[in-house]
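Beneath this line is the structure, given in structure tokens, with notes to follow.
The values are calculated or read from the model by the stated rules, or taken from the named source; none is laboratory data. All of these numbers come straight from a predicted model, not from anything done at the bench. Surface accessibility is based on the protein's heavy atoms, side chains included, excluding ligands, DNA and RNA. Shrake-Rupley method; radii C 1.70, N 1.55, O 1.52, S 1.80 Å.
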Amino acid sequence: MCAARDPLLLLLLTLLALQARVCGGACVEVDSDTEAVVGDGFQLGCIYCKMRGEVRAKASVDWYYRSSDEREKGDVQIYRYQNQRGEIMDPRFEDRLAWNGSKGTDDLQDGSIYILNVTYNDTGTYTCNFTRTLTYNYYEVQANNTKTVQLNVVPRLTRGMASILSEVMMYVSIVGLQFWLLVEMIYCYRKIAAAGEEALRESEAEYLAIASESKDNCAASVPVAE
């Protein structure tokens, strides 16, 4: 009965092992954070995954900024990355923007940039435009994708209630699973121990039966003196 539970135990152990973040070659589109601390650095995330990895592709990324100040209207291009080279387009971000996306390839999937020394004036809307050219045997296809980040600059980082609750629930689930595994291990140990004791009793009874039968056979084989 305990052996039948082994697949379930294996599954639970696997789930516990997967609590650590998996690092692999797969691409996952994750939304950017939206709250930066003044004076610190901040990454503007922009990921646009390619659905078919075997298709050759080449991409460029353009970043635009719209200030929260109503006196400044329209989107202004602040950064461009193409042919593995980045260029800052706006003097307000001079020496404060760095490429933090895919490196060493023209087939970009991560178009993130990093802002150094964030100021309150950096509050606003950032738009990432991905332009990708897919190359097939006889033709090319152009694909575009746009992502928007509404950045808010704060004096210090605050955590939302949802984030706190999710972390608490994660730890509660880990502790609960570990306790459940401990109970299962004790249960299996007791079942194995009980089965071992029963096997010993059966072996002892079988040994006594064999010994008794041998004794009876010996007694029957001795001739009676006349």
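Within the full protein context, the accessible area of Arg96 is estimated at about 40 Å² for a probe radius of 1.4 Å. Straight-line reach from Lys58: taking Cα to Cα under 30 Å and skipping same-chain neighbours fewer than 8 places apart, the lysines in range are Lys50, Lys103, Lys147. A 1.4 Å probe over all protein chains sorts Tyr81, Tyr171, Tyr189, Tyr64 by accessible area into Tyr189, Tyr171, Tyr64, Tyr81, starting with the largest. The accessible area of Lys191, taken with all protein chains in place and a 1.4 Å probe, comes to roughly 90 Å².
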